[in-house]
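K.L.:
The structure under discussion is supplied below as structure tokens; questions concerning it will follow.
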Amino acid sequence: MEIRFLGGAREVGRSAILVKSKGGARILLDYGVKVDPEDEIHFPMHVSPKDLDAVVLTHAHLDHSGAIPMLFVSASPRLIATEATYRQSEYLLNDMIKLNGDRLFFGELEVRKALGKGERVNFNETVRVKDVEIELIDAGHIPGSAQVILNSDKTLLYTGDFTTVKTRLMDGADVPSGGFDVVITESTYAREDHQPRRELERALVEQLRETVESGGTALVPAFSVSRSQEVAMILRALNFPHDVYMDGMAKELTNLYLELEEFVDGIDLLGQAVKRVRYVRGRRMRERLSSEAAVVISPAGMLQGGPAVYYARAVAEREDSSITFVSFQVPGTPGEAVLSRKVLEADGESVTVRSKVSQFRLSGHAGRKELHDYLRRTAEGARVFAVHGEPESCAELARWAREELGTEAVDPELGAVYEV
Ligand SMILES: [Zn+2]
Ligand SMILES: [Zn+2]
């Protein structure tokens with residue numbers, strides 16, 4: 001088996017791994033993009049789509065899916081993913097085209113072509129590509145997210161993005177039993193333990209309650225995929241007594257999740273949460289809301305666009321209001337500037353933020369402890385490749401696997417090729 005790292009090596013973004021089996025099957029695992037803080041889009045290394053026997057997409061996030069349509073400009077490879085992944089990808093890919101159309105090598109046509117022909121595969125079902133059996137198992141990261149098992153003369157486990165932590169939305173990843181020759185693991189939080197979810201939830205709700213009860217607007221910038229829904233579910237679960245609004249693409253994704261009930265472990269709670277959440281419709285409602293005592297959940301999660309930018313401007317100079325981040329803020333993004341320097345930069349203007357700013361990191365990735373527990377169970381005797389993390393995180397996880405598991409473990413660099 002040959003493994004080639006085309007992206008997502010010593011970085012988060014543009015995940016792409018090409019696997020060649022002994023029997024000649026060429027299988028691409030993910031083909032994502034990386035959008036840097038300057039809004040520059042980076043693609044993985046080139047692969048000839050005509051030579052691919054199959055593409056497996058682990059989940060809908062653009063760092064895994066964003067370059068997939070490029071493979072469908074002049075070819076039509078087999079695409080394998082869950083139904084939930086296709087449905088969410090449609091929103092995310094078309095949104096990317098709307099924002100960056102002139103800088104991409106494809107358009108809505110290729111998105112339709114890719115997603116329309118994609119094979120819908122259920123978790124724990126096996127698909128055959130030449131001499132390789134492919135199986136997807138639940139990764140617990142977002143609805144429909146999968147880990148991939150390749151089984152031929154060698155066995156390979158690719159985690160994609162995963163977490164074993166149970167959240168209101170997802171029950172957490174299935175952990176396969178070991179015996180793999182190769183384990184390719186994400187490393188996002190290899191150097192950091194997560195605070196217990198329940199503690200974070202209580203602190204988050206307390207913070208939002210304080211703002212609303214002092215008459216302020218509590219803005220929660222959140223990703224439209226998974227995070228917005230989780231925040232609404234936490235508020236419902238902890239009996240938050242005040243008004244909650246949702247804006248932007250989060251509304252469409254919430255409606256989609258109600259349809260994808262078999263992929264949403266917390267579907268009952270989501271249903272209850274939706275009954276309490278009001279969708280923002282139209283500019284008037286948005287204007288009125290930005291001075292109301294209520295919670296507003298809106299993308300984008302790092303204030304790089306979406307209605308959250310409008311709300312942030314409206315509340316930035318109000319001391320009774322708050323901006324509460326619910327995910328990591330990438331250095332160089334507007335969200336990170338608000339969080340670390342209390343400066344809001346929007347539309348060429350720079351405003352000093354006087355509202356309360358805080359952060360509760362509701363991560364969808366395994367933390368250090370979860371990564372170690374997972375690898376103890378899956379990677380005994382396997383060759384380990386640590387990807388999808390800052391360079392220090394990939395290196396640290398590989399070092400840990402070498403020392404604690406006694407396995408051969410590396411943090412491959414971009415373009416590296418390994419024979420197993
Ligand atoms: Zn992801
Ligand atoms: Zn990712």
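K.L.:
So, counting K/R as plus one and D/E as minus one, what does the shell of residues with Cβ under 10 Å around TYR158 add up to?
P.N.:
Surrounding charge for TYR158 is -2.
K.L.:
What do you get for the angle between helix 391-400 and the principal long axis of the chain? Use alpha-carbon atoms, 0 to 90 degrees, nearest ten.
P.N.:
60 degrees
K.L.:
Could you tell me the extents of the chain's C-alpha atoms along the three principal axes, largest first, rounded to whole Å?
P.N.:
Its Cα atoms span 65, 47, 40 Å along the three principal axes.
K.L.:
Follow-up. Ratio of region 70-162's C-alpha Rg to 2.2 N^0.38 Å, to two decimals? The partial results should precede the final answer.
P.N.:
Working: Rg = 14.6 Å, N = 93, 2.2 N^0.38 = 12.3 Å.
For region 70-162, the normalised Cα radius of gyration is 1.18.
K.L.:
Between LEU57, LEU303, LEU289, which gets the highest mean-square fluctuation from a Gaussian network model of the chain, Cα cutoff 10 Å?
P.N.:
Ranking LEU57, LEU303, LEU289 by mean-square fluctuation puts LEU289 first.
K.L.:
Continuing with the same structure: Across every pair of different alpha-carbon atoms, what Kirkwood hydrodynamic radius in Å does region 197-359 reach?
P.N.:
15.6 Å
K.L.:
Taking the chain as the reference, fit the longest principal axis to its C-alpha atoms, fit the long axis of helix 267-276 to the helix C-alpha atoms, and give the angle between the two in degrees, 0 to 90, nearest 10.
P.N.:
Approximately 20 degrees, to the nearest 10.
K.L.:
Nearest 5 percent is fine: what portion of the DSSP beta bridges confined to the chain is antiparallel?
P.N.:
So the antiparallel bridges in the chain amount to around 50 percent.
K.L.:
Pull out the extension gain between VAL330 and TYR418, defined as 0.36 nm times the separation in residues minus the alpha carbon to alpha carbon distance; nm, one decimal.
P.N.:
So the extension gain works out to 28.6 nm.
K.L.:
In addition: Quick check: the distance between the Cα centres of region 35-104 and region 122-136, to the nearest angstrom?
P.N.:
What the calculation gives is 21 Å, centre to centre.
K.L.:
Hey, another quick one. Between ASN239 and ARG202, what is the label-point separation in nm under the 7 Å Cα-to-beta-carbon projection?
P.N.:
Each label point is offset 7 Å from its Cα along the Cβ direction, giving 1.5 nm.
K.L.:
Anything over 27 Å Cα to Cα? Flag those among LYS50/LYS113; LYS98/LYS251; LYS98/LYS275; LYS98/LYS369, in the order listed.
P.N.:
Pairs exceeding the cut-off: LYS98/LYS275; LYS98/LYS369.
K.L.:
Among VAL56, VAL357, VAL148, which one shows the biggest mean-square fluctuation in a GNM of the chain, springs joining Cα atoms closer than 10 Å?
P.N.:
Top of the fluctuation ranking is VAL357.
Every number here is computed from the coordinates shown, using simple stated rules; none is lab data. Nothing here was measured: the structure is a model prediction, and the numbers come from that model. Don't worry about glycine lacking a Cβ; one is built from the backbone with ideal geometry, like all the others, and counts go over all protein chains shown.
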